[in-house]
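*Asks:* Handing you a structure now.
Here, each number is a calculation from the coordinates, and none is a lab measurement. Here the structure is a predicted model, which is why all the values come from computation and not from measurement. Neighbour counts are summed over all protein chains in view; Cβ atoms, including those assigned to glycine, are modelled from backbone coordinates with ideal geometry.
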Amino acid sequence: MSRILTVAAAQLGPIHQADDRASVVSRMIALMEQAKMRGADFVVYPELALTTFFPRWHYEDRAQADRWFETAMPGPQTQPLFDRARELQIAMNFGYAELTPEGRHFNSSILVDKTGRIAGKYRKVHLPGHAEYDPSRAHQHLEKRYFEPGDLGFPVWAFEGGLVGMAICNDRRWPETYRIMGLQGVEMIVLGYNTPTANGHSSTETLADRLFHHRLSVQAGAYQNSTWVVAVAKAGVEDGHALFGGTLIAGPDGKIVGELDHEEDGLLVHACDLDATRFGKETIFNFAAHRRVEHYGLITSRTGSGAPLGRAV
Ligand code: CDV
């Protein structure tokens, strides 16, 4: 048996500060139309898809960053994206900066079904970077200044015939992200990212090193939870600041089934067999048979690493 969900990873090239939402939405619609022509059921866009990666900019007054946030979803500028998705009968996922009516700020991502209904929302849990201007860094990464940590956990939804979950960028480096969704039987994880090409803490880490860590994280999460993972970049040079590409789809055996090799707007389309996730889930990663939760307490009782538990025997 096979259940096919044809997914289009829709990488976006750079978005500059001067690019308005309308121009970005029209690029997203162009990719959506190509995705539909190539047979996709589901188009997946990056983290903070509607704007430049603004957490690189320091605003003394945090409210100045509010112009990068959406106060309604859909709002007047994003409505055309929802309308076109409904016309084309294509599901979608994208990330955006969310400002709630209560004044809370999140780095969020939504699942929108083929009727244009928001079926699920995720708010980024693992916020990287720092909250105050740091002159020691080659570039600023102020996610901790502009967002609060997500408060929705890592849910999985019955969506477009499969079990689908979301993560955002830095979340992909944390095994807990995948395992919490694995424990809900996830069959596809969609995640968008904006990853600087250079490490702000290290002048020796190369682009190859950074792409290696990206692939390693995504492939391990896919394999260890026997799930598809669709990882989508916002890439290229935004106002002089480089983000790497590396948009890829990893299968439930951890192997990469396709990867983009450029940093522009572009599509990676793959027919994902959701039933291919069964083999790993029923054998080596049959959680019910093999997990030993009595030994996993530190995962939730300790945040940073601490004293070793080893004792003389
Ligand atoms: N947007 C991100 O979360 N970026 C991080 C960088 C800062 C390491 C990432 O994990 O790619």
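*Asks:* Taking interchain pairs and intrachain pairs at least six residues apart, which have beta carbon atoms under 8 angstrom, with the first residue in the range 282-309 and under 27 Å from residue 254 (Cβ atoms) and the second in a loop (DSSP other than H, G, I, E, B)?
*Replies:* 285/226; 287/183; 290/284; 298/309
*Asks:* Filter the range 174-188 down to the residues that are outside any helix (DSSP H, G or I) and either more than 15 Å from the ligand (Cβ to nearest atom) or without any contact (Cβ under 8 Å) to a residue 40 or more places away in the chain (or both) and list them by number.
*Replies:* 183, 184, 185, 186, 187, 188
*Asks:* Please state which one of 167, 138, 158 is more than 10 Å from the ligand (Cβ to nearest atom), assigned to a strand (DSSP E or B) and within 30 Å of residue 64 (Cα to Cα).
*Replies:* Only one candidate qualifies: 167.
*Asks:* So which strands (runs of 3 or more DSSP E) are wholly in the range 190-275 and hold at least 3 residues that are surrounded by 17 or more Cβ atoms within 10 Å (Cβ to Cβ)?
*Replies:* Working: elements: 228-233, 236-238, 241-243, 248-250, 256-259, 266-273.
Passing ranges, in order: 228-233, 248-250, 266-273.
*Asks:* While we're on this one: Taking the range 85-131, which residues are within 16 Å of the ligand (Cβ to nearest atom) and either aliphatic (A, V, I, L, M) or more than 28 Å from residue 32 (Cα to Cα) (or both)?
*Replies:* 97, 125, 126, 127, 128, 129, 130, 131
*Asks:* Additional query: Show the residue pairs meeting these rules: Cβ distance below 9 Å; 6+ apart or different chains; first residue within the range 41-55 and within 11 Å of the ligand (Cβ to nearest atom); second residue in a strand (DSSP E or B) and of a type in the set (Lys, Arg).
*Replies:* 46/234; 47/234; 48/234; 53/234
*Asks:* Quick test of your reading of the structure: residue 146 fulfils all but one of (1) under 27 Å from residue 5 (Cα atoms); (2) within 12 Å of the ligand (Cβ to nearest atom). Name the failing condition by number.
*Replies:* All conditions pass for residue 146, except number (1).
*Asks:* Check residue 235 against each of (1) on the phi > 0 side of the Ramachandran plot; (2) in contact with an Asp or Glu (Cβ under 6 Å, 6 or more places away or on another chain) and name the one condition it does not meet.
*Replies:* Residue 235 satisfies all of (1) on the phi > 0 side of the Ramachandran plot; (2) in contact with an Asp or Glu (Cβ under 6 Å, 6 or more places away or on another chain) except (1).
*Asks:* Additional query: Take residue 284 and decide whether it is assigned to a helix (DSSP H, G or I), of a type in the set (A, V, I, L, M), over 22 Å from residue 190 (Cα atoms) and touching a helix residue (DSSP H, G or I) at 6+ places or on another chain (Cβ under 9 Å).
*Replies:* On the way: assigned to a helix (DSSP H, G or I): no; of a type in the set (A, V, I, L, M): yes; over 22 Å from residue 190 (Cα atoms): yes; touching a helix residue (DSSP H, G or I) at 6+ places or on another chain (Cβ under 9 Å): yes.
So residue 284 fails the test.
*Asks:* Considering every residue within the range 265-285, establish whether at least one is within 16 Å of the ligand (Cβ to nearest atom) and either of a type in the set (Asp, Glu) or under 18 Å from residue 126 (Cβ atoms) (or both).
*Replies:* No, the conditions are met nowhere in the range 265-285.
Conditions (1) touching a Phe, Trp or Tyr at 6+ places or on another chain (Cβ under 9 Å); (2) charged (D, E, K, R); (3) part of a helix (DSSP H, G or I), marked per residue:
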{"residue": "84", "(1), (2), (3)": "no, yes, yes"}
{"residue": "87", "(1), (2), (3)": "no, yes, yes"}
{"residue": "94", "(1), (2), (3)": "yes, no, no"}
{"residue": "101", "(1), (2), (3)": "no, no, no"}
{"residue": "108", "(1), (2), (3)": "yes, no, no"}
{"residue": "116", "(1), (2), (3)": "yes, no, no"}
{"residue": "119", "(1), (2), (3)": "yes, no, no"}
{"residue": "127", "(1), (2), (3)": "yes, no, no"}
{"residue": "130", "(1), (2), (3)": "no, no, no"}
